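Chemist: Take this structure, written in structure tokens, and hold onto it; I'll ask about it next.
The values are calculated or read from the model by the stated rules, or taken from the named source; none is laboratory data. Computed from a predicted structure; not experimentally measured. Every residue, glycine as well, gets a Cβ built from its backbone with ideal geometry; the counts of neighbours run over all protein chains shown. Heavy atoms of the whole protein, side chains included, go into the accessibility calculation; ligands, DNA and RNA do not. Shrake-Rupley method; radii C 1.70, N 1.55, O 1.52, S 1.80 Å.
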Amino acid sequence: MNRRTKIPAFLFIGLLLSACAAKKEFKDEFDTEKNWVEQLSQLPPYPDANNLIEFDAGSVTDYEHFVDATSISIGQDGVIRFTLVTQSSAGAMNISFEGIRCATNERKLYAIGRDDKTWSEPRESEWQPLSFVRQFYAQRELSKNLFCPHKQIVSSPEEAIRALKKGVHPSIYR
């Protein structure tokens, strides 16, 4: 190559590299991947037995499971929050305010109900995967078949209540 053909070749390569760099800047500038930020949530009123909707968590547990319909909320952060009531055959009750993040199939415990009908802060309140913790039968059922069909959060508390009452989200075929 002589000097005259080297200059256009270098110029072409330089333009090609700058075009690639410009594409990267363009992609980064309009990248829709944002860091997820969890919103603060307010504790609901303590559950009233008249507002509880029972659901079946499967044959692996002999507990009865309920969600307080008035506690269901859907945050702009993509988390559905609700009060879960679990009752043993002997009558012992566990009450918790929880959230499920459908996109990641995780749950978080926000508060625990006490006998005096108040809420207490749990010792640990971290997001936990539903698929690996054995005792999350109720939360897995809520996530998979009621509140997060196909990992998509229901659009409203009313849709969640309809799914609870029917026993399965309409988009799930068993």
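Chemist: Enter the accessible area per residue of segment 59-141 (Å², integer; probe 1.4 Å; all protein chains in place). It would help to have the intermediate numbers written out before the result.
Modeler: Values: 4470 Å² over 83 residues.
Result: 54 Å² per residue.
Chemist: Evaluate E = 1/(1 + (r/R0)^6) for Met93 and Glu158, where r is the Cβ-Cβ distance and R0 equals 35 Å; express this FRET efficiency to the nearest 0.05.
Modeler: Details: r = 26 Å, r/R0 = 0.75.
Taking R0 as 35 Å, the efficiency between Met93 and Glu158 is 0.85.
Chemist: Given 0.36 nm per residue, what is the gain on full extension from Leu43 to Gln135 after removing their alpha carbon distance, in nm?
Modeler: Numbers: separation 92, 0.36 × 92 = 33.12 nm, distance 2.37 nm.
Gain on stretching Leu43 to Gln135: 30.8 nm.
Chemist: How much net charge surrounds Asp48 when only other residues with a Cβ under 13 Å from its Cβ are counted (Lys, Arg +1; Asp, Glu -1)?
Modeler: Numbers: positive: Lys117; negative: Asp68.
Combined, the nearby Lys, Arg, Asp and Glu give 0.
Chemist: Another question, if that's okay. Report in % the part of the accessible area of segment 97-174 that belongs to carbon and sulfur, leaving out ligands and nucleic acids; probe 1.4 Å.
Modeler: 49
Chemist: Which value, in Å² rounded to 10, gives the accessible area of His150 with a 1.4 Å probe and all protein chains present?
Modeler: Accessible area of His150: about 130 Å².
Chemist: Quick one: 3J(HN,Hα) in Hz for segment 44-49, Karplus 6.51/-1.76/1.60 with θ = phi - 60°, rounded, Gly and Pro as x.
Modeler: With coefficients 6.51, -1.76 and 1.60, one gets x, x, 4, x, 9, 4 Hz.
Chemist: Grab the other residues whose beta carbon is less than 13 angstrom from that of Glu64, score K and R as +1, D and E as -1, and report the net.
Modeler: Values: positive: none; negative: Glu54, Asp56, Asp62, Glu141.
Around Glu64, the surrounding residues sum to -4.
Chemist: When a/c reaches 1.5 or more, the comparison of a/b and b/c decides; with that in mind, is segment 61-124 rounded, prolate or oblate per its Cα gyration tensor? Don't skip to the end; give the middle numbers.
Modeler: Numbers: a/c = 1.94, a/b = 1.54, b/c = 1.26.
Prolate, since a/c reaches 1.5 and a/b exceeds b/c.
Chemist: I want the local charge near Ser143. Using Cβ-Cβ distances under 14 Å, sum +1 for each Lys or Arg and -1 for each Asp or Glu among the other residues. Mind showing how you got there, number by number?
Modeler: On the way: positive: Arg81, Arg101, Arg107, Lys108, Arg140, Lys144, Lys151; negative: Glu98, Glu106, Glu141.
Taking every other residue near Ser143 into account, the sum is +4.
Chemist: If you don't mind, another one. Just to be sure I understand the model, the point goes 7 Å from the Cα along the line to the Cβ. What's the resulting Asn105 to Lys166 distance in nm?
Modeler: With each label placed 7 Å out from Cα toward Cβ, I get 2.2 nm.
Chemist: Given Lys108/Lys144; Lys34/Lys151; Lys117/Lys151, which pairs have Cα atoms separated by over 26 Å? Before the final figure, lay out each step's value.
Modeler: On the way: Lys108/Lys144 16 Å; Lys34/Lys151 19 Å; Lys117/Lys151 33 Å.
Too far apart for the 26 Å limit: Lys117/Lys151.
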